[in-house]
Amino acid sequence: MNRFTWQRAVIKVGSALIAPEGYECSGKYLLSLARFITASREAGKEIILVSSGSVAAGRSKVKIRHNASIAEKQAMAAIGQNLMMANWQRFFDFPCAQVLLTADDLRDRTRYVNIKNTLREILKHNALPIVNENDTVAVNELKVGDNDNLGAYTALVAQADTLIICSDIDGLYTADPRKDPNATLIEHVSKIDSTIYGLAGGAGTSVGTGGMRTKIEAADKCTSSGIQTLIVNGRKGETFDTLIDGHVPGTLFTPSSTPANARRLWLTHTLKTAGKIVVDAGAKEALVRKGASLLPTGIIDIIGNFEQGDAIEVECEGKVIAKGLCLYNAKDLTLIKGIKSKDIASVLGYETAEVAVHRDDMVLY
């Protein structure tokens, strides 16, 4: 069993633990987790919860006899948020603070920084932040989509050192332990590659454990940014006793890099790309070897219809080498690609930025 140390952790708890019957909140699996949270706080550690359960909690209050529409599910979420928060609060004698997010909140740099500051202040005032996706207003394009990855984004924005994902099995296995009696627990993963993703299964496979892929995706985001990730069985009370003792009763994914700064994490993991800029070998050399900004003179092609300020990928010879925020829209950048910076104003008819992507707004891969 692996040992681990931590100071600030994000704990992700799913609906299967909060509302095991599929409706109404329950304390059945939460008491031992609540004891762990309290003991950890008393030891000077910081915890942020990412909690599912609002839709399940509200389901019993919205009586329908058909498949719920989007609006009906959002009504369930709106009603269930209070019930879910009350269910958590009853375990603690310190305040719980609700934080509702959408993917759009995370993509916007100003809101991202505000989220980070809010979480810091909540912890500073000894409250327990409880994060959930804002299902009452989110539509598909605004949704993170699953709370495993929301847990990862929360760990990134909160600059946590640990993400603990509570599952209904003990961790990552060589096969689905509910179907294969020979499946064995993988206690330690030092590198997340195609083999590890393969264990999560997919279309046409019989290997995967249900819901494991998003957990691996979350671990991938975190470990590549210096955050250790644990998958443990949240249904077993002894799980949290073992965690208090500093051991991992499940799978530990160790970080593959040192923690990165907050802006780099935001650029790398949170922003969706809106297009692509193809550059020549000289531009690649300047970016990779010299740490330069991307100039229009090194651009040979523009792909996509992006706007000024959108995130774009930078590609050279078929490989993505960077991601950053473009200072031009695709139309204007097409007009000035390949020309020197001093000639930009004469082509566009107005004075503007001399670089296409500034080095401070770029992450190299």
Exercise. Normalised by the residues of the chain, what does the relative contact order come to in percent, with Cα pairs under 8 Å and at least six apart?
Worked result: 15
For this session: Using R₀ = 25 Å, calculate the FRET efficiency as 1/(1 + (r/R₀)^6) where r is the Cβ-Cβ separation of N67 and S26; round to 0.05.
Result: 0.55
Exercise. Taking 0.36 nm per residue of separation and subtracting the Cα-Cα distance, what length does fully extending E285 through D104 add?
Worked result: 61.8 nm
Problem set entry | Debye, to nearest 20: dipole size of the chain, +1 on Lys, Arg Cβ, -1 on Asp, Glu Cβ | 380
Exercise. Which lysines does K28 reach when only Cα atoms under 16 Å apart count, and residues fewer than 8 places away in its own chain are ignored?
Worked result: K236
For this session: Go ahead and collect, in residue order, the members of segment 310-327 whose backbone nitrogen is under 12 Å from a label point 7 Å along the Cα-Cβ direction of T268.
Result: 323
For this session: Can you tell me the relative contact order of segment 263-357? Whole percent, Cα pairs under 8 Å, sequence separation 6 or more.
Result: 30
For this session: Identify the trypsin sites (Lys or Arg not before Pro) of segment 305-362 meeting these criteria: DSSP loop state and at most 10 other C-beta atoms within 10 Å of the C-beta.
Result: none
Seminar exercise, completed: For the chain, longest principal axis from Cα atoms; helix 212-223 axis from its Cα atoms; angle between them, nearest 10 degrees, is 60
Exercise. Measuring from a point 7 Å past the Cα of S341 along Cα-to-C-beta, which residues in segment 279-301 have an amide N at less than 15 Å?
Worked result: 283, 286-287, 290-299
For this session: Pop out the ³J(HN,Hα) list for segment 47-56 in order, Karplus 6.51 cos²θ - 1.76 cosθ + 1.60 with θ = phi - 60°, rounded to Hz; leave Gly and Pro as x.
Result: 9, 10, 9, 10, 10, 7, x, 5, 5, 4
For this session: For each of I47, I312, I244, I344, count neighbouring Cβ atoms within 10 Å of the residue's Cβ, then give the residues from fewest to most.
Result: I244, I47, I344, I312
For this session: On a C-alpha basis, how far is the centre of segment 149-205 from the centre of segment 341-365 in Å? Whole number, if you could?
Result: 42
Exercise. Percent of alpha carbon pairs in segment 272-364 separated by more than 15 Å?
Worked result: 52
For this session: Could you give me the percent of Cα pairs per 5 Å distance bin for segment 144-203, shortest bin first, beginning at zero and ending with the bin that holds the maximum distance?
Result: 4, 15, 19, 24, 22, 11, 4, 1
Exercise. When the Debye formula is applied to the Cα atoms of the chain, each taken as the same point scatterer, what base-10 log of I(q)/I(0) results at q = 0.12 Å⁻¹?
Worked result: -0.94
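No lab work stands behind these numbers, since they all come straight from the coordinates. It should be emphasised that the depicted structure is a prediction, and the values quoted were computed from it without experimental measurement. Positions of Cβ are generated from backbone atoms using ideal geometry, with glycine treated the same way; all protein chains shown enter the neighbour counts.
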